[in-house]
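Below is one structure, written out as structure tokens; the observations come after it.
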Amino acid sequence: MKDFNQNKSSQEVHRWTIDETVGAIQSVSKNIREYSFRMRTNMKTLRESGAIPEMADAIREASFAVRDTVNEINETTKELQKKGAITETARAIENTVKSVEDSAVTVKEIVADAGKSLPHSTKVLHDGIDIVKATRIPDKVKNFKKLVSHEIQ
């Protein structure tokens, strides 16, 4: 523990006299009395104003609302699980992704065939493919597909 009377610098530590110590204790005592009185007065005012019971009622009502909301969420998720809505939605998304991938392959084949028969149009078709590639399904959807395929199995 630190010794506050130990002098680590060139300054002198002030040692209190008995009178100074008594005066400091009296000052602290006076402050304790004054703050105790203020605390009693404030509590009386709060109690008489009805603010404390009103706050307690508001907290109780808020806790009931939270409880009811959590129960509703719990029931809803159980119903969704029971109906298989999440699994069906995941399968629909997976089928959609497969259809988009198949469509992309078909478009590439069309471009290749068109490029053979219309060499001047190849650049225009390649530009169209670049646009399609730029608007491909984001990686997040692909990650969701992987996640769903694990859940379905």
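With respect to the numbered conditions (1) loosely packed, with under 10 Cβ neighbours inside 10 Å; (2) at pLDDT below 90, which one is the sole condition not fulfilled by V13?
(1)
Report, ordered by the first and then the second residue, all pairs with beta carbons closer than 7 Å, sequence separation of six or more or different chains, a first member in the range 52-67 that is surrounded by 10 or more Cβ atoms within 10 Å (Cβ to Cβ), and a second member that is in a helix (DSSP H, G or I).
I52/L46
The values are calculated or read from the model by the stated rules, or taken from the named source; none is laboratory data. Only a predicted model underlies this, so the values are computations on that prediction, with no experimental measurement involved. Please note: Cβ atoms are built from the backbone with ideal geometry, for glycine as well, and neighbour counts cover all protein chains shown.
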